[in-house]
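The values are calculated or read from the model by the stated rules, or taken from the named source; none is laboratory data. Computed from a prediction, not measured in an experiment: that's the story for all the values here. When we count neighbours, we look across all protein chains shown, and the Cβ atoms used for this are built from the backbone with ideal geometry, even at glycine.
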Amino acid sequence: APAATERIRHVAEIFDVLYVAFSGGKDSLVVLHLTEEVLREQGYTGKINVIFRDEELIPDDVIEFVQRYAADPKYNFLYLAVPMLS
């Protein structure tokens, strides 16, 4: 994780606003927690910006997991519902 936290620190230094793309999977969960850790270490006390894109094909258990994070007041959660055309 040291390389990941270095990258997050770098991104936090060069951009005014950060968003974490969150899929509800384990990889994006790690990125969310590492981003929060880095920002808190840097003294950021605001809400962490998170974007979730619901493609309407995601299993219910994943949606329920994501909704628990969306309900957490420490996140500014943007939940996008995007219909899949097929």
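Hey, can you tell me all the residues within segment 7-28 that are more than 18 Å from GLU55 (Cβ to Cβ) and either among the charged types (D, E, K, R) or without any contact (Cβ under 8 Å) to a residue 12 or more places away in the chain (or both)? Hits for segment 7-28 are ARG7, ARG9, HIS10, VAL11, GLU13, ILE14, PHE15, ASP16, LYS26. For TYR75, the conditions (1) modelled with pLDDT of 95 or more; (2) hydroxyl-bearing (Ser, Thr, Tyr); (3) over 18 Å from LYS26 (Cβ atoms) all hold with the exception of (3). Within segment 47-63, does at least one residue satisfy the condition of being of a type outside the set (D, E, K, R), over 30 Å from LEU85 (Cα atoms) and at pLDDT 95 or above? Yes, that holds for at least one residue.
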